[in-house]
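Engineer: Have a look at this one before I ask anything.
The values are calculated or read from the model by the stated rules, or taken from the named source; none is laboratory data. For clarity, every value in this text was computed on a predicted model and none was experimentally measured. Cβ sites come from the backbone with ideal geometry, for glycine too, and all protein chains shown count toward neighbours.
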Amino acid sequence: MATFPALSYRPDIQGLRAIAITLVVLAHAEISAISGGFVGVDVFFVLSGYLITGLLVREYASSGSIQLTRFIARRLKRLLPALLVMLMLVVLIAPALLSNYEVREQSASVVYAVTWTSNLFFAISTLDYFADLQTRDLFLHTWSLGVEEQFYVIWPLLILLTLVIMTRKLGRGGHHTQLLLVLGLLFVGSLGLSLYWATTQPLWSFYLMPSRIWQFALGAVVFAWFHSRSQGIEGAPTPELSRSWGFWSGVLGLVLIIGSAMLLHPNLTYPGLWALLPSLGATLVIAAGHQTEVKGASCVLAHPVLVWIGDRSYSWYLWHWPILMLGFAWGMQNRLVETAILVAISLPLAMLSYRWVEQPFWKGRLSRATPVRIILLSILAMLMVIAGALNYLNPRDENTRSNPISIDARSDIPIIYAHGCDAWYSNANVHPCLIGEPDANNTVVFLGDSIGAQWFSLLPEIFRAPEWRVIILTKSSCAMVDEDYFYTRIGQIYTVCTEWRNAVLDYLPSLRPGIVFLGSSSTYNFSETQWVDGSARVLARLTAVADQVIVLPGTPSLSFDGPGCLARQARAAHESVPDSPICRESLTNTHNADVARYLEQAVQRFPNAMLLDLNDLVCQGGHCAAQNPDGLVVFRDNQHLTDTFVRAQIPKVVERLKALGLQSYLTQ
């Protein structure tokens, strides 16, 4: 088998890998100081562009061609074994730790993960607002591996085509400037596409390879730039930066990468222009490694500890996410010690994977098969894993692994959703749903998102026909606060919400409501000023058209899936497993109470507005539980209440409305 000049070993590049994976792990562990740690993926893309382009250009310079099957085989034996082992073990472990429903929802991407197409799956999947578990897919992190592998397929072809054409026109050794030009065009075109999709199809911009090519191209430019200044082609030394330029470019690069991780956050349209910061940072650090002496950032990155982590970065990337998601399902989210334990568990798994899976297939005796055999065996292994995963995760006897509590709770929703009252983010059309007689003398309106609307079933029982008609106006994840905000589920500013909210406020005077109930989640990322003033602007319009306006603060949520936890607990009790989990947790922060206080400040500005806080009914004594002491299932997921629980609160809510002075409005 032919060999070609290899790139010089760069310990600083391994150190840069260590920085990138550490940032990613900390971000996924939800460490607030590193909320932008997702930029580590951008660093990996730039590194791949540099290294892969170097391999391809050197091979072409040495032999006049690029062996595509050999290249693909190298990528497969380097990356596929560790991926398949992780997938198989997680598929085996997940059913023992999760309920059947959780397994089904959180492993939907497994086939795509095996085939390196999970980025396509996540980019084009239809969003279901109430399928929150899909955001905790055990293999969500493999989207970036899909981007990488798709890059590996097209990049050798692009490089080979470019070099062949340029060689024919200019001869051997005359293609370097033109290669830089082609890479520059790819950079500009891909970045432009990324920016366009960021405004029209933000999920495409994030997940799809064409909108990420510019980052690979940046790394490629670094190699092509230095290689173009070599003396000749074969075996020529790589030119170097001066000591001062190398030092400061490395320092600036690290500042851009780490600063981005600390300052950026998920509430940004990404990648977009923001991704230039860590990508340029990685470019500068790579370039700094070409200085005359290993100093500054390159010296720091070459530290043995960072190199050790960098060597194991791929396996750590594979293992950290499913371990975190499995732990979070058991209530370990937002708990520093427990999260640290999960991260600590993932690192030894990465060490084992690197030693016993990566290295044998990459450089050991298992790596010596011919390229064609490697490719065929890889395809066979992928098919076997797919077949095994589908068979294991979808047993024939579904009832043996289901739990009635979990199934019934998830479908225990208000009737409004059966009437199509909520179009979510698809449009801003106002679609009121009516309960009662259209010509009733009195009207009560409920206005809110899904967290507010979960209380809807109170109203027809308290404000009964024929005296009252109840009208519901709801849009999921749409805050009843006059502020624009970024919605992470759709990857952009939720302009549909703003349009819909304004349209509803314009429509309300025609209803002549006697009472308006207003409620939305407390989780929106508003400042105190935005909560108070934004709510007050909405209340100003509502109190002008309604006799009374009642504001409901958002309810607390669980860090785990309520019905899933109950199903797991029931299974553990049935199997006589000791120490089964108790599906309850303490309210560890004051956020909900703070937001209720902000709403109270807004309400106090208007004489016919008042606050009705029902959160103590949901979480009693400072504890939130999936099931209350009366045996009622409280949550139908991790944040929405079951309709049965809501209806059970009617007597208590009536008493509280009376205490607010609304006796004359009540028909109970």
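Engineer: Could you identify the single residue in Leu612, Leu641, Leu558, Leu599 that is over 31 Å from the mean Cα position of the chain (by Cα) and aliphatic (A, V, I, L, M)?
Structural biologist: That would be Leu612, the only listed residue that is over 31 Å from the mean Cα position of the chain (by Cα) and aliphatic (A, V, I, L, M).
Residue by residue, here is whether (1) out of contact with any strand residue (DSSP E or B) (no Cβ under 7 Å at 6 or more places or on another chain); (2) closer than 28 Å to Ala340 by Cβ; (3) at pLDDT 95 or above; (4) in a helix (DSSP H, G or I) holds:
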position	(1), (2), (3), (4)
Ala20	yes, yes, yes, yes
Ala27	yes, yes, yes, yes
Lys77	yes, no, no, yes
Ala96	yes, yes, no, yes
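Engineer: Give the range 79-102 a look and list any residue that's within 18 Å of Arg568 (Cβ to Cβ) and buried (at least 21 other Cβ atoms within 10 Å of the Cβ), or say none.
Structural biologist: Once the filter is applied, which keeps residues that are within 18 Å of Arg568 (Cβ to Cβ) and buried (at least 21 other Cβ atoms within 10 Å of the Cβ), the range 79-102 yields Val90, Val91, Ala94, Leu98, Ser99, Asn100, Glu102.
Engineer: Which members of the range 29-55 meet the condition of being surrounded by fewer than 22 Cβ atoms within 10 Å (Cβ to Cβ), modelled with pLDDT under 95 and over 22 Å from Tyr270 (Cα atoms)?
Structural biologist: Result: Leu55, single match.
Engineer: For Arg605, all conditions in the list (1) assigned to a helix (DSSP H, G or I); (2) modelled with pLDDT of 95 or more hold save one; what is the number of the exception?
Structural biologist: All conditions pass for Arg605, except number (1).
Engineer: Conditions: (1) among the charged types (D, E, K, R); (2) over 26 Å from the mean Cα position of the chain (by Cα); (3) at pLDDT 95 or above. Arg168 meets all but one. Number of the miss?
Structural biologist: (3)
Engineer: Give just the number: which of (1) surrounded by 14 or more Cβ atoms within 10 Å (Cβ to Cβ); (2) among the acidic types (Asp, Glu); (3) free of Cβ contacts under 8 Å to residues at least 60 places away in the same chain; (4) not in a helix (DSSP H, G or I) does Glu600 not satisfy?
Structural biologist: The failed condition is (4).
Engineer: Looking at the range 63-75 only, could you name the residues that are among the hydrophobic types (A, V, I, L, M, F, W, C), in a helix (DSSP H, G or I) and either crowded, with 21+ Cβ neighbours inside 10 Å or in contact with an Asp or Glu (Cβ under 9 Å, 6 or more places away or on another chain) (or both)?
Structural biologist: Phe71, Ala73 - these are the residues of the range 63-75 that are among the hydrophobic types (A, V, I, L, M, F, W, C), in a helix (DSSP H, G or I) and either crowded, with 21+ Cβ neighbours inside 10 Å or in contact with an Asp or Glu (Cβ under 9 Å, 6 or more places away or on another chain) (or both).
Engineer: Shifting gears a bit: Answer with yes or no whether Leu218 is closer than 27 Å to Trp116 by Cβ, hydrophobic (A, V, I, L, M, F, W, C), at pLDDT 95 or above and buried (at least 19 other Cβ atoms within 10 Å of the Cβ).
Structural biologist: yes
Engineer: With the condition kept exactly as written, say whether any residue in the range 500-520 is hydroxyl-bearing (Ser, Thr, Tyr) and in contact with a Phe, Trp or Tyr (Cβ under 8 Å, 6 or more places away or on another chain).
Structural biologist: No, the conditions are met nowhere in the range 500-520.
Engineer: Could you list, ordered by first residue, the pairs with Cβ atoms under 7 Å in which the first is in the range 169-197 and farther than 14 Å from Ser279 by Cβ and the second is at pLDDT 95 or above and not in a helix (DSSP H, G or I), at least 6 apart or interchain?
Structural biologist: none
Engineer: Please go through the range 295-329 and pick out each residue that is farther than 19 Å from Pro348 by Cβ and within 19 Å of the chain's Cα centre (by Cα).
Structural biologist: Passing the criteria: Phe328, Ala329.
Engineer: Across the range 533-555, which residue is nearest to the chain's Cα centre (by Cα) among those that are among the β-branched types (Val, Ile, Thr) and buried (at least 20 other Cβ atoms within 10 Å of the Cβ)?
Structural biologist: Of everything passing the filter in the range 533-555, Thr555 is nearest to the chain's Cα centre (by Cα).
Engineer: Just for the range 198-213: of the residues that are more than 13 Å from Gln492 (Cβ to Cβ) and in contact (Cβ under 8 Å) with a residue 60 or more places away in the chain, which one is surrounded by the most Cβ atoms within 10 Å (Cβ to Cβ)?
Structural biologist: Arg212
Engineer: Then there's this: From the list Leu241, Leu203, Leu268, Leu208, which residue is modelled with pLDDT of 95 or more and of a type in the set (A, V, I, L, M)?
Structural biologist: Going through Leu241, Leu203, Leu268, Leu208 in turn, just one is modelled with pLDDT of 95 or more and of a type in the set (A, V, I, L, M): Leu208.
Engineer: Name the residue, out of Asp613, Asp643, Asp637, that is surrounded by 14 or more Cβ atoms within 10 Å (Cβ to Cβ) and either under 20 Å from Val470 (Cβ atoms) or of a type in the set (Ser, Thr, Tyr) (or both).
Structural biologist: Selected residue: Asp643, the only one of Asp613, Asp643, Asp637 that is surrounded by 14 or more Cβ atoms within 10 Å (Cβ to Cβ) and either under 20 Å from Val470 (Cβ atoms) or of a type in the set (Ser, Thr, Tyr) (or both).
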